[in-house]
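All of the numbers you see were taken from the coordinates with simple rules; none came from a lab. Computed from a prediction, not measured in an experiment: that's the story for all the values here. All Cβ positions, glycine included, derive from the backbone under ideal geometry; neighbour counts span all protein chains shown.
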Amino acid sequence: MRAILTYSTALAHQTGPTRLTDIGHKLETARTQVEKRFLEGGSVLLAVMDVLNSLLGSLDNITRTLDAGSANDTTADLLATVRNLSDLPQLESTRQGNLEVLAGAGTGLQTHVADMQETMRYLQTFAVTVKITGAGIAEFAGFAEEILDRIRSGTGEVNNFAGQLTALEKELKIAQTFGSGIAQRYQQTVPAVVGALQRDAQTISEHRKRLSEIAKQVGLLARGVQSKVATTLSALQIGDITRQRIEHVQSTLTILEEFLGSSEGNSLDRDSQARLQNLVHHLAAAQMVDMVQNFQRDSGSVVQTIASFSHDTQDILDLRAEMQSQDGSKAGNFMRTLEESVSAAHAIVKQVETASQQANHVSQSTTATAANLLKGIENIRAVKMDIHYMALNTNLRCSRMGEEGRSINVVTAELRFFAAKLDESADAIVNGLTGFEDAAAAIAAADSIGGTGLAERLSSAVENIRSAANAMEAELAVLSEHGREVASKIGLSISKLDFQNDLGEVLATCADNLCDLAGDSMPDVSGLGDVLGELGPRIFKLYTMAQERTVHQAIIPAGTIAAAPVAMANDDELFADALF
């Protein structure tokens, strides 16, 4: 009965070379597809890793751009300029006050100059009187003409003095009138412009802060995907493991075929050959079933991980879009608004510079006029001394002439009296020039503190902000491109790495065919100990994985082998032979 059963088993599974060849073709097709698909999947994932690195590089550039903007502190520069702008009304008020002080000093000098002019007119009148009175006296004819010349010279000095003060007074009035108009406009415009610039500076700061926060979020997501890609690349080892296990099944069937064709195989009866063949088919089927189970489990994990890429990618694209929105519509708007605010500030600063130039010109003119007036005072004092001594000499001569010189003596005494008045006016002017120069110095000092360089600082601040915005726009354009590329590559990887849909089916079909070939029942291995003692170790030596050896021993346990098995390589040696 046993012989009939074993022979029947052999007949049931001795299906001929056609079916085994068909299974062999399917195994080779499966092996080729696994190799091809996993190589493609690895290439796709490496491409994804490259674009992720590019994306992270763009984010690093954006972060550096933002950090550079913070380091340059353009908003701080703008706010500092705004504070200077806020000071303009007070500075203009101070300038107006200094101009009023200067005007008052000039008015005081004009009073003393008018006194001088009046004195010179008296002196000229008395000199003419001397000339008329002494007309009949020969020795006084030359004196009268000489003293008239000196008085005329003094009058010219005083009139020149008065002309400089008048010219300065006109400049002063122009500066005061222009400055007064500016002061009124300041009260109306400066607070609004300052408020706008402060808001713009705050907008810049908030914009930069928001972009920095989004960049960090994108970076975290991208690094998360990068980690998943690295994990998936590692998990793709399942493809190499699967390929090797298919090769080991192929080699097992080849070893069986070679053995059955050898002299040892031919020495076996047909029943033993059939039972041996069926046992090896069970072994091949068990290895394929175990391999398919492992493949389904591990590839399922890979597919699940890759599927999560879509959500991460969408988050990256959403954040990228938000960054573009932050820098696109908002940045464009706030830059235009900022430029409008700065244009308004520039108009004010231009007025400041005009007023400052006029005030500086007045200050410089005042300093120059003061120097000229001091020189003129010395000339007037010299004229006064000449008149005094000439009149004194005439008095002495008139005293010796007796009654004839009395009338001339009276007139020359008046000349000396009024000449002395020139000294009084000159002293008053010299004293007044101190306040005159102090007022001019105060104007110059106030202008040095005020809006000096405001236009340049505003332009510089805006240019820095614009440069930072342009750099950010360029980096975001690169980031956008990398974001699209990441999405494209990941979308491609999802389709390329879905191994279960087609590979899983191919592998499962191979396993089913081998199971059908092997049948449901294990063959009786009685009397096959010697054969298995030779064939089993040859097959066992193929394995590079512990799981394969475990399956092997479940089908062909050591107790079924009578002869001593061939020494097997240890795990390290097997691993060294592995192709992954």
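Per 0.36 nm of contour for each residue apart, how much would the distance between residue 538 and residue 480 grow if the chain were fully extended, relative to their Cα-Cα spacing?
Roughly 15.1 nm would be gained on extension.
For each of 122, 543, 389, count neighbouring Cβ atoms within 10 Å of the residue's Cβ, then give the residues from fewest to most.
If I rank by nearby Cβ atoms, fewest first, I get 389, 122, 543.
Sort 22-30, 271-279 by packing, meaning the average of other beta carbons within 10 Å per residue, with the highest value first.
The most tightly packed comes first, giving 271-279, 22-30.
Using Cβ counts within 10 Å as a stand-in for footprinting exposure, how do 525, 478 rank, fewest first?
Lowest count first: 478, 525.
Determine the shape class of segment 220-283: with a ≥ b ≥ c the square roots of the Cα gyration tensor eigenvalues, call it rounded for a/c under 1.5, and otherwise prolate if a/b is greater than b/c, oblate otherwise.
Since a/c reaches 1.5 and a/b is larger than b/c, the shape of segment 220-283 is classed as prolate.
Could you pull out every one of the lysines with an alpha carbon less than 16 Å from that of residue 375, ignoring same-chain neighbours closer than 8 positions?
Within reach: 384.
What list do you get for 206, 548 if you sort them by fewest beta carbons within 10 Å?
Ascending Cβ contact count within 10 Å gives the list 206, 548.
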